[in-house]
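We did not get these values from a lab; they are worked out from the coordinates using the rules stated. Values in this document were obtained by computation on a predicted structure and should not be read as measured data.
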Amino acid sequence: MQKLIIILSAALFASATLLLSATDTPETRRREAEHYLQAVPPKALFEDMADKMATNLPADQRQQFKQMMTKTSTLRR
């Protein structure tokens, strides 16, 4: 009996999730994209990527490479 209640609860939860999910419109996509960009800022992503990529370059070229990769003009929204 307890197993049946758990299965029914899971099914109800799954169906409620589908019913309450946002419809796929340009507005909801834009809102979700903005939410993602707040959670994962592009500038921090590029800085981290540049740091990791720079380790493959000679030491005297690393700083210039990181500056080039993280210029503000390349990180426009």
Counting only residues 5 or more apart in sequence or on a different chain, those whose built amide H sits under 5 Å from that of L57 are none
Mind checking the full-extension length gain between T28 and D48? Use 0.36 nm per residue of separation minus the Cα-Cα distance, one decimal, nm. 4.3 nm
